[in-house]
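Asker: The structure is given below, and queries will be raised subsequently.
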Amino acid sequence: MVQPGAVRIVGHNEGVDHQWRSIVPVWVLALGGAVAVVVFAPRGEAIGWFPVVLAFTTIAAFALQLTLRRKTGFVARVLLSVCGAAVLLALVTVVLAVFVGSVG
């Protein structure tokens, strides 16, 4: 049974409930890390810190999903968490490259 507000993926993951409340915090963490890098990293060195932010958010995603103690949908939740964080960091990199010019 699908819970209200859950996303249902059909196919081999049919019936998997994605708990967005455990995915979105990782995205917020990635965005916060990106903002911290932009604010505190020396000019021109921000690009070197984004992989560190992604590594930290990946570990946080695994830790958060493991605290749920729910096997069903684990891989999908971790995948959505980490991929969303990577997309956010890529967007911040593009914004820095285009508007600020401090990526290299």
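The values are calculated or read from the model by the stated rules, or taken from the named source; none is laboratory data. The structure displayed is predicted, hence computed values, not measured ones. Reconstructed Cβ throughout: ideal geometry from the backbone, glycine too, with neighbour counts over all protein chains shown.
Asker: With the checklist (1) in a helix (DSSP H, G or I); (2) surrounded by fewer than 18 Cβ atoms within 10 Å (Cβ to Cβ) in hand, flag the one item Leu29 doesn't pass.
Answerer: (2)
Asker: Which residues, counting only those in segment 48-77, are touching a strand residue (DSSP E or B) at 6+ places or on another chain (Cβ under 7 Å) and either part of a loop (DSSP other than H, G, I, E, B) or closer than 11 Å to Leu89 by Cβ (or both)?
Answerer: As a first pass, look at segment 48-77 and keep what is touching a strand residue (DSSP E or B) at 6+ places or on another chain (Cβ under 7 Å): 72-73, 76-77.
Matches in segment 48-77: Thr72, Gly73.
Asker: Now a separate question. On the basis of being closer than 16 Å to Gln19 by Cα and loosely packed, with under 12 Cβ neighbours inside 10 Å, does Leu66 make the cut?
Answerer: For Leu66, the condition - closer than 16 Å to Gln19 by Cα and loosely packed, with under 12 Cβ neighbours inside 10 Å - is met.
Asker: Hey, another quick one. Could you please find all residues in segment 78-103 being part of a loop (DSSP other than H, G, I, E, B) and exposed (fewer than 12 other Cβ atoms within 10 Å of the Cβ)? Full working, then the answer.
Answerer: In the first step, residues of segment 78-103 are kept if they are part of a loop (DSSP other than H, G, I, E, B); the result is 101-103.
Within segment 78-103, just Gly101 meets the criteria.
Asker: Determine which single condition Ala46 fails, assuming it passes every other condition in (1) touching a Leu at 6+ places or on another chain (Cβ under 7 Å); (2) modelled with pLDDT of 85 or more; (3) aliphatic (A, V, I, L, M).
Answerer: Unmet condition: (2).
Asker: I'd like the residue in segment 34-55 that is surrounded by 15 or more Cβ atoms within 10 Å (Cβ to Cβ) and among the aromatic types (Phe, Trp, Tyr) and, out of all such residues, is farthest from Arg21 (Cα to Cα).
Answerer: Only one residue tops the list, namely Trp49.
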